[in-house]
Amino acid sequence: MKRKPLAVLSSMLSLTVAHPVFGEATQPFRYEVPANIQDFADDTVKQQALNRLWNNNMNAFNLQAIKGNPWTNEQDSPRSNYLDPKQYGTQSDTGTLIHPITWTAFPNRVSWYFSTSQKNPYQVSTDLLYPLADDGRLNPDDPALIAWVSMDKSGTLKKELDQLLINYPAFNSDDTSNFAKLPVPSDICPTVNWQQPESQWKTGKSFNSFGPPGPRGWKDEYNEWVVTRNKEGKIIRVNFTAENPEYWFSLWHIDPGKVLQLYRQLVSENVRLEDLYLKDAQGNTVNDHRNKPYYNPLNKWNYGNRATPTSGGAAHLTSPPNTVGAEIFLGAAATIIRDLSPADYSPQENNCVSEYGSSFRNSDPNIGFQANQVVKNLKFPISLSNPIALYMQRPDFSNYKLPETETDPEARASDFFKILRGKSASETGRNYDQILHAVFEVPADRGYTVSDITINGKPIWWGSQIAETFNQALAATAYIKESLKDTHKHPGVGTPDKQQPWPQPLVKNSVLKTINNTPSISAATIPLLPPVVEAGSRLTDMALEALEGGNAPRIEFTNPDGTVASDIKLENLTSYTPGNNQVPGKHKLYSTIIYVFDIDIGENVAPGQYGIRVSNYPNTSPSPVPAALTVIAQQ
């Protein structure tokens, strides 16, 4: 195929040329921490340890994303058009083009399923959609909502709220661990079938309630926010976070004290280290495989949608889809070319047949489609751009207006937007911001609040009004010197006749049990990173959950080439089934089983990352999940 000139390629997809374009590799590729942030700037030893850990974790996510899901899906593996940057990339990103992908931070699924723009039964107006997007419910006794409704002097908004709660009382939910339990259709591809009988709005035996689960689960555009209000109910501060939880787990692994320090800077000076520990039902601290306290990402200071002096805040993302692992898995899945006609080739249709994200989000269908276009139309393989993360972009302040009480003629609403973590585009040298955490706050000495500022003539009463005015971003790297490895047009993802066990991440059994037995935690996904262990050590009471696993499995660790790692041995194998023993999938409910065992790592096991394989049948050897365990040299 004749290659297009770089200038033409850049104009086609807003690609930016990495520098240098065709230079020589200067050093081996390394996954860099998000926005290259240096949380241990004053401690070189800890920063280097964090860099190594992050590099290993990101390598695991990328290898697992490239592998895809060959166990319970078909036409979902391998994702060979997504390249391993460690094999093809360099620190100077030679021979590549970088394509930023952006989307609006407002949670579009809230709009799609509930607003008047769609044919749903709820028909929530824009003015009530804002509080719904902020809090996940409409509580008529909430002082902030009462004040908001009372601003409509015609009384129309009050009547709408009253009628909505009469028709659908579930909107007034007192369960702050999830979005209000409102059923939505299960038939959503290629679009929502609102004509589907409500009796069929189910997943298994339960109603298909709107989600994702979790105290901020519906804020699933890779940005979550928490508001702080004064006694009058006005907003005095909005914190926005785009930080992936995996980074905070990695930071905790190196130094919990640093995590505490950041919580006190970003959330509240009242945070104690013990507040961040995972606790069981009896209030006991739960330890990890190193016998050290496990981090609870849904602790009371990183929970909910409103901050108070005693709880609430947004240190990092908590919604189940808002993880960097999910981002990479999505990016790799999107590189498979699907057999779609030109008329059917669209973000939603491609997402439906590829199953790489939730329908109607601003993010996933758009991310996947743009990544797929680079592969399908430009014929270049891709990976996500280093440093891989989800990045907030600076808001568009053109429709913001300060109150008349502002006496400084040079003052602008943008003055009150501060980047707390991350970098602006001018600092990165790329054409997108790498903002991880930001705050919108009016200094007290100005004599007014955030709620005295308007957007499009309406006072800022909800954080979602601000979320409408900025984008999130990530970037894909196109390898312009490489050819596609798979140009075949594949049918959509399906379910094979014979499924194999799909191992999930290894974790200490006490941690997994606590997560599963604590509704406020299990409502959202806690990312589990590959355990790090020294050669010559022993791990006890480790748990491995497997979808479609059998009662008499063969479990073995594997080398990077897929052969058995014979010096990593499993002992004392037992198993149990959690909860209702079912996990919902696209086409069916999957059975799940948890295996518990000890692991002996031989003294001669080489440092590196090892996969794990579960076999239900004696003569079968399914593909292993790569990089499930990280072994380091004896210290």
For this session: Quick one: divide the alpha-carbon radius of gyration of segment 438-510 by 2.2 N^0.38 Å and tell me what you get.
Result: 2.23
Exercise. Say each of A444 and K481 gets a label point 7 Å from the Cα, pointing the same way as Cα to Cβ; how far apart are those two points in nm?
Worked result: 5.8
Exercise. Amide H to amide H, which residues 5 or more places from F29 or on other chains are under 5 Å from it, using H placed in the peptide plane?
Worked result: Q91
Exercise. What does the accessible area of H253 come to, in Å² to the nearest 10, when a probe of 1.4 Å is used?
Worked result: 60
Exercise. For the chain, what's the relative contact order in percent, using C-alpha pairs closer than 8 Å and at least 6 residues apart?
Worked result: 17
Exercise. Rounded to a whole number, what is D in µm²/s for segment 501-635 from Stokes-Einstein with the Kirkwood radius over alpha-carbon pairs (37 °C, 0.692 mPa s)?
Worked result: 213
For this session: Mind listing the long-range amide H neighbours of E556? Cut-off is under 5 Å, sequence gap 5 or more, other chains count too, H placed in the peptide plane at 1.01 Å from N.
Result: R613
Problem set entry | Cα centre as origin, Lys/Arg/Asp/Glu Cβ charges: the chain dipole, Debye | 760
For this session: Could you pull out which residues in segment 31-65 have an amide N less than 16 Å from a spot 7 Å beyond the Cα of D255, following the Cα-Cβ vector?
Result: 37-54
Exercise. Counting Lys and Arg as +1 and Asp and Glu as -1, each charge on the Cβ, what is the dipole of segment 193-280 about the Cα centre in debye, to the nearest 20?
Worked result: 320
Exercise. Kirkwood-based Rg over Rh for segment 182-223 (C-alpha set), two decimals?
Worked result: 1.03
Exercise. Regarding segment 372-484, what is the average projected area of its C-alpha convex hull, in nm²?
Worked result: 9.2
For this session: With a Förster radius of 45 Å, plug the Cβ-Cβ distance of S520 and I166 into 1/(1 + (r/R0)^6) and report the FRET value to the nearest 0.05.
Result: 0.90
For this session: Work out how much length S591 to S398 would gain on full extension: take 0.36 nm times their residue separation and subtract the Cα-Cα distance, in nm to one decimal.
Result: 64.3 nm
Exercise. Please report, for the Cα atoms of segment 421-570, the Rg to one decimal and the Dmax as a whole number; what are they, in angstrom?
Worked result: 24.9, 69
Problem set entry | Whole-Hz ³J(HN,Hα) from phi, Karplus 6.51 cos²θ - 1.76 cosθ + 1.60, for segment 459-474, glycine and proline x | x, 6, 10, 9, x, 5, 5, 6, 4, 5, 9, 9, 9, 9, 8, 9
Exercise. Name the residues of segment 460-482 whose amide N is less than 19 Å from a point 7 angstrom out from the Cα of D415 along the C-beta direction?
Worked result: 460
Seminar exercise, completed: Descending accessible area (1.4 Å probe), largest on the left, turns K159, K119 into K119, K159
Problem set entry | FRET efficiency, K159 to Q348 (Cβ-Cβ, R0 41 Å, nearest 0.05) | 0.75
Exercise. Within the accessible area of the chain, what % is carbon and sulfur when the probe is 1.4 Å and the other protein chains stay in place?
Worked result: 49
Exercise. What ³J(HN,Hα) values, in whole Hz, does the Karplus curve 6.51 cos²θ - 1.76 cosθ + 1.60 give for segment 449-458 when θ = phi - 60°, with x put for Gly and Pro?
Worked result: 10, 4, 6, 8, 8, 10, 10, 6, x, 10
Exercise. What is the Å³ per residue value for the convex hull set by the Cα atoms of segment 254-363?
Worked result: 154
Exercise. When only the heavy atoms of the protein chains count and the probe is 1.4 Å, how do I236, I254 rank by accessible area, highest first?
Worked result: I236, I254
For this session: Give me the number: length gained by fully extending T285 to N456, i.e. 0.36 nm times residue separation minus the C-alpha to C-alpha distance, one decimal in nm.
Result: 56.7 nm
Problem set entry | aspartates and glutamates whose Cα lies under 15 Å from that of K158, excluding same-chain neighbours fewer than 8 positions away | D127, D141, D142
Problem set entry | Normalised alpha carbon radius of gyration of segment 144-280 [divisor 2.2 N^0.38 Å] | 1.40
Exercise. If the cut-off is a Cα-Cα distance under 28 Å, which lysines reach K485, setting aside same-chain residues fewer than 8 apart in sequence?
Worked result: K2, K4, K67, K86, K376, K379, K498, K586
Seminar exercise, completed: PRE zone check, label point 7 Å out along Cα-to-Cβ of A552, amide N under 11 Å, scope segment 593-619, hits 617-618
For this session: Can you check how the C-alpha radius of gyration of segment 344-435 compares to 2.2 N^0.38 Å, as a plain ratio?
Result: 1.53
Exercise. With each label point set 7 Å from Cα along the Cα-Cβ vector, what nm distance links E74 and N604?
Worked result: 4.3
Exercise. Separation of segment 155-194 and segment 368-441 by C-alpha centroid, Å?
Worked result: 32
Problem set entry | Ranked order, K219, K481 - accessible area, probe 1.4 Å, largest first | K481, K219
Exercise. Given a 1.4 Å probe, how much area per residue of the chain is accessible, in Å²?
Worked result: 41
For this session: Starting with the highest mean, order 176-187, 221-232 by the number of other Cβ atoms within 10 Å, averaged over the residues of each peptide.
Result: 221-232, 176-187
Exercise. So how much slack lies between T308 and E232, counting 0.36 nm per residue of separation and subtracting their Cα-Cα distance, in nm?
Worked result: 26.0 nm
Problem set entry | Values of log10 I(q)/I(0), in the order q = 0.07, 0.09 Å⁻¹, for the chain under a Debye, Cα-only, solvent-free model | -0.45, -0.76
Exercise. In a shell of Cβ-Cβ distance under 15 Å around V45, excluding V45 itself, what net charge do Lys and Arg (+1) and Asp and Glu (-1) give?
Worked result: -1
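The values are calculated or read from the model by the stated rules, or taken from the named source; none is laboratory data. Computed from a predicted model, the values in this text were never measured in an experiment. Note that we place each Cβ from the backbone using ideal geometry, even for glycine, and neighbour counts take in every protein chain shown. SASA here: full protein model, heavy atoms, side chains in, ligands and nucleic acids out. Shrake-Rupley method; radii C 1.70, N 1.55, O 1.52, S 1.80 Å.
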